[in-house]
Amino acid sequence: MNEKIYRVLKSGHIGDDVANDVASKFKPVSKRSDILLPKGRVANKIFFIDSGFVVLTSEINGQLFTRHIAKENDFITVMESFTTREPSKDMLRATKHAEIHAIGYNALMALMDKHPVLEGLFRQILQNTLIKCQARINDLLSLSAEAYYEKLIRESPYILQAIPQYELSTYLGIASQSLSRIKKKLLKLS
């Protein structure tokens, strides 16, 4: 059983027996590749990040865009594909040295049938994810690139270490050169 998953489940007010049962179903992901879910495949797993990061990337007109970065103790999947059972339009990639555990779709559905309390936890995770997504959209629409970068430094500094600059610039919705200028300007001010 994975102790971190157990603790995260317990923090969601899940009883010992259920938390043990769920945590025992998560299996280590052997990383032959850093790609956890390639574009075009159905998301058949939910991943738990023991350490490192998982990056959700979209490809638009041949260019990759970083849409979400999950950190240690987060769960992640491509929710649209996972719930609709349709091929994913997005990709999930683990960063170097990330340790990941996963549970398959069928195993999770069986656990939710066995332990109805998990539906409430699943709903809570979905609601929290939606809130984060809406906050990110609001930031992209209302903040300048510089203000958004400064907010990331203050509130989510882990993101700055999680991905290379070219991915960070797509996360911010700007070109790499613009990010370089912002970093240079902020360095001069400090």
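List of remarks:
- Flag for residue 145 being under 18 Å from residue 75 (Cα atoms), more than 18 Å from the chain's Cα centre (by Cα), among the aliphatic types (A, V, I, L, M) and surrounded by 16 or more Cβ atoms within 10 Å (Cβ to Cβ): no
- Residues within the range 117-131 that are over 14 Å from residue 83 (Cα atoms), touching a helix residue (DSSP H, G or I) at 6+ places or on another chain (Cβ under 8 Å) and surrounded by fewer than 16 Cβ atoms within 10 Å (Cβ to Cβ), tallied: 1
- Identity of the residue in the range 100-131, under 18 Å from the mean Cα position of the chain (by Cα) and free of Cβ contacts under 8 Å to residues at least 24 places away in the same chain, that ends up nearest to residue 9 (Cα to Cα): 122
- Test result for residue 160, in contact with a Ser or Thr (Cβ under 6 Å, 6 or more places away or on another chain), within 23 Å of residue 93 (Cβ to Cβ) and of a type outside the set (Phe, Trp, Tyr): no
- Residue pairs whose Cβ atoms lie under 8 Å apart, sitting 6 or more positions apart in sequence or on different chains, and linking a residue in the range 152-166 that is under 17 Å from residue 140 (Cβ atoms) to a partner that is polar (S, T, N, Q), are 163/66; 163/95.
- Scanning the range 1-38 for residues that are part of a loop (DSSP other than H, G, I, E, B) and surrounded by fewer than 17 Cβ atoms within 10 Å (Cβ to Cβ) yields a total of 10.
- When 134, 165 are checked against the criterion of being exposed (fewer than 11 other Cβ atoms within 10 Å of the Cβ), closer than 21 Å to residue 59 by Cα and not β-branched (Val, Ile, Thr), a single residue qualifies: 134.
- Within the range 168-190, the set of residues being surrounded by 18 or more Cβ atoms within 10 Å (Cβ to Cβ) and free of Cβ contacts under 8 Å to residues at least 40 places away in the same chain comprises 169, 172, 174, 179, 182.
A quick yes/no check of all residues on (1) free of Cβ contacts under 8 Å to residues at least 24 places away in the same chain; (2) assigned by TED's automatic domain parsing to the domain that holds residue 161; (3) in a strand (DSSP E or B); (4) not β-branched (Val, Ile, Thr):
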site	(1), (2), (3), (4)
56	no, no, yes, yes
64	no, no, yes, yes
73	no, no, no, yes
83	yes, no, no, no
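- Test for residue 97: is it touching a residue at least 60 places away in the same chain (Cβ under 8 Å) and not in a helix (DSSP H, G or I): no
The values are calculated or read from the model by the stated rules, or taken from the named source; none is laboratory data. All figures in this text were calculated on a predicted structure; none of them were measured in a lab. Cβ sites come from the backbone with ideal geometry, for glycine too, and all protein chains shown count toward neighbours.
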